[in-house]
Amino acid sequence: MTTVGLLYPGHSAEDDYPRLEVLLNSDIRVPVVHTDIGEDAHRVDALLEMGSADRLAAGVEELRLAGAESVVWACTSGSFVYGWEGAHEQIRSLALAAGLPASSTSFAFTHAVRQLGAERVAVAATYPQDVTALFTAFLKASGAEVVADRASGIVTAAEVGTWGRAEVLELARSGDHPDAEVVLLPDTALHTVAYLDELEEALGKPVLTANQVTVWEGLRLAERRAWGKKLGTLFARPE
């Protein structure tokens, strides 16, 4: 059995993770510990506080007791908001607190883009424009070329968590760009796991979503390769 521990802020789309477990159909487990979200706001000051070292460290003991082999801070905005160097320091502190390999959803996106061999990406974000711009800057720092970034202006994770299939598909379509090799949906508050194959069929290209890449990153850290049907190109079994 491989166990990937997730630190998830508040309650929005955490039911994506047991769905992923089922679709992977293997001995992979993804326990989730909910961190104190503080103020639910896609605003820079609130996001910096949400991703603080103390808030993350508070949940690691429970994940260790659950047998976690790696830990991922399952929050995109609460990691890239620190910038490229600051986000590295965040996961260094998390790894020290947990005594385990650690990462965040922001780095999961950069590693997944490289795994797919892509260079040009489009961002379809739920966030306000200023927060979306910080994610774009983070991706550029990783070496990716961002050919388009679409901001939806949603302020709270609670609202994002109410979005269903129609809204997710529309977000992806509106954020796509002809030059993009892959489209990124970077909010772990957004339910996407049930729609991964449909998203890729609609756009005709790989789509990476926050909850999908978060679990993939944890498995990568645990040195466990896994494949699953209906989980998009990232989890497709090599032919």
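None of the figures in this text is laboratory data; all of them are computed from the coordinates on show. Please read these numbers as outputs of a predicted model, since none were measured by experiment. When we count neighbours, we look across all protein chains shown, and the Cβ atoms used for this are built from the backbone with ideal geometry, even at glycine.
Using only the Cα atoms of the chain, build the gyration tensor, take square roots of its eigenvalues as a ≥ b ≥ c, and label the shape rounded, prolate or oblate: rounded if a/c is under 1.5, else prolate if a/b is larger than b/c, else oblate. Write down the numbers at each step before the final one.
On the way: a/c = 1.45, a/b = 1.14, b/c = 1.28.
Here the chain falls in the rounded category.
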Which loop GluC sites (Glu not before Pro) in segment 16-50, with loop taken from DSSP, have no more than 14 other Cβ atoms within 10 angstrom of their Cβ? 39
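Ignoring everything except DSSP H segments at least 4 long, calculate the 222 nm mean residue ellipticity for the chain; use -39,500 (n - 2.57) per segment, divide by total residues, nearest 500. Before the final figure, lay out each step's value.
Details: 12 runs with 107 residues, N = 239.
Helices in the chain give a 222 nm mean residue ellipticity of -12500 deg cm²/dmol.
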Non-local amide H neighbours of residue 209 (under 5 Å, H modeled in plane, Pro and chain starts lacking H): which ones? 185
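About its Cα centre, what dipole magnitude does the chain give when the only charges are +1 on Lys and Arg Cβ and -1 on Asp and Glu Cβ, stated in debye to the nearest 20?
My answer is approximately 600 debye.
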Choice from 52, 26, 70 with maximal GNM fluctuation in the chain (Cα, 10 Å cutoff): 26
Out of 184, 35, 204 - ranked by how far each Cα lies towards the positive end of the dipole of segment 2-235, with unit charges on the beta-carbon of charged residues - the top one is 204
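What is the local net charge at residue 166, summed over the other residues whose Cβ is closer than 13 Å to its Cβ (Lys, Arg +1; Asp, Glu -1)? The partial results should precede the final answer.
Numbers: positive: 165, 173; negative: 167, 170, 198.
The answer is -1.
Which of the GluC sites (Glu not before Pro) found in segment 94-161 are in a DSSP loop and have at most 14 neighbouring Cβ atoms, other than their own, within 10 Å?
Details: sites: 119, 145, 159; in loops: 119.
The qualifying sites are 119.
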